[in-house]
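Nothing in this text is a laboratory measurement; each read-out follows from the coordinates by a stated rule. If you're wondering where the values come from, they're calculated on a predicted model, not measured in any experiment. Positions of Cβ are backbone-derived with ideal geometry, glycine not excepted, and every protein chain shown enters the neighbour counts.
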Amino acid sequence: MNRQTKVWLVLSIALSLLVLGSACGGGAPTNKESADAGASGAAQAYSGATGTISGVISYNGTPPAPKKIDTTADAVCGQKNPNLMTDDTIVKDGKLANTFVYIKEGSVEGGKKIGEYAWTTPTTEVQLDQNGCHYAPHVLGVMVNQKLKITNSDATQHNIHPTPKLNTEWNQTQANGAPPIEKSFTRAEQLIPVKCNQHPWMKAYIGVMKHPFFKVSNDTGAYEISGVPPGTYTVVAWREGGANGEEKTMQVTVPASGSAKADFAFGAATTSTKPSLQMMPAIEFPMLHKR
Ligand SMILES: [Cu+2]
């Protein structure tokens with residue numbers, strides 16, 4: 001190629017890098033999502049047949065026994081809930097409650113990736129109650145910008161303190177008889193730990209999702225996610241424990257108007273099925289300007 005062509009080639013490569021760099025933003029992914037949602041307006045709602053993903057979460061081996069919580073720091077808690085026990089591992093007949101199951105990613109059959117559709121945020125609120133110096137529910141899910149209503153059913157003061165990594169951290173006192181606190185989260189995040197600054201044993205976890213395909217396993221370990229478009233998805237089952245919880249992953253194909261099973265097992269000596277390469281999360285395009 002001649003000299004002029006070379007110059008043009010170098011120039012256009014440099015230009016593309018510049019454009020890519022600025023498109024990637026200033027490093028931290030703050031505000032990127034809301035900007036996408038507002039500016040592009042391209043995301044379409046899904047309309048068509050839907051199916052379900054359901055299953056049961058098992059716990060193999062002997063679960064750790066619940067421990068009695070020492071509530072002497074607050075006499076009100078001791079009076080109202082004298083037998084308060086730890087609830088990090090609730091197992092009944094080998095089935096595990098409070099597991100957060102959700103579609104992590106995947107593609108709708110003959111369509112786009114599940115995250116590329118616009119999913120409507122419910123106008124209904126999700127409630128988190130403080131009752132007997134205990135959060136109920138212990139694990140819950142909301143959609144991005146869905147209202148979370150926090151209530152205090154105790155004759156004592158609580159202090160709700162979520163500690164997110166992607167959303168904004170806050171902590172707020174809620175006195176005895178104070179009105180509900182209404183909050184929402186602007187970014188998807190799995191899962192946000194919630195603590196109480198008054199009562200160190202109080203713990204809850206909130207999953208924040210961009211789509212409605214999530215459920216928490218009930219007392220029998222069962223869950224069912226409905227309204228799922230046919231497609232192939234990576235489904236994650238998350239439970240608390242350790243620094244960031246424990247996850248199991250499975251690839252699931254939902255037939256049109258049909259149902260798919262996804263059972264998971266935690267606990268001792270589970271024959272861990274290592275995720276295959278196909279199931280690994282997509283590699284993100286590296287930010288060229290970052291070193
Ligand atoms: Cu509290």
Cα→Cβ-extended label distance, 7 Å offset, between Asn244 and Ser153, nm: 3.4 nm
HN-Hα J in Hz across the stretch 156-163 - Karplus 6.51, -1.76, 1.60, θ = phi - 60°, x for Gly and Pro: 8, 8, 10, 9, 7, 9, x, 10
Counting sequence-distant residues (5 or more places) and residues on other chains, those with an amide H built under 5 Å from that of Tyr135 are Lys203
Between Met209 and residues 5 or more places away or on another chain, which pairs have amide H atoms under 5 Å apart, with H built 1.01 Å from N, and which residues are they? Val142, Met143, Val144, Glu189
Ordering 108-117, 226-235, 67-76 by per-residue average of other C-beta atoms within 10 angstrom, highest first, gives 226-235, 108-117, 67-76
Computed over the stretch 30-267, the distribution of all Cα-Cα distances in 5 Å bins, rounded to whole %, is 1, 6, 13, 16, 17, 16, 13, 8, 5, 3, 1, 0
Long-range amide H partners of Tyr59, meaning residues 5 or more apart or on another chain whose placed amide H is closer than 5 Å, are Lys95, Leu96, Phe266
Please compute the contact order of the stretch 30-267 in relative form: average sequence separation of alpha-carbon pairs under 8 Å and at least six residues apart, divided by the residue count, as a percent. 30 percent
Phi to ³J(HN,Hα) by Karplus 6.51 cos²θ - 1.76 cosθ + 1.60 over the stretch 75-82, Hz, x for Gly, Pro: 4, 4, 4, x, 5, 6, 9, x
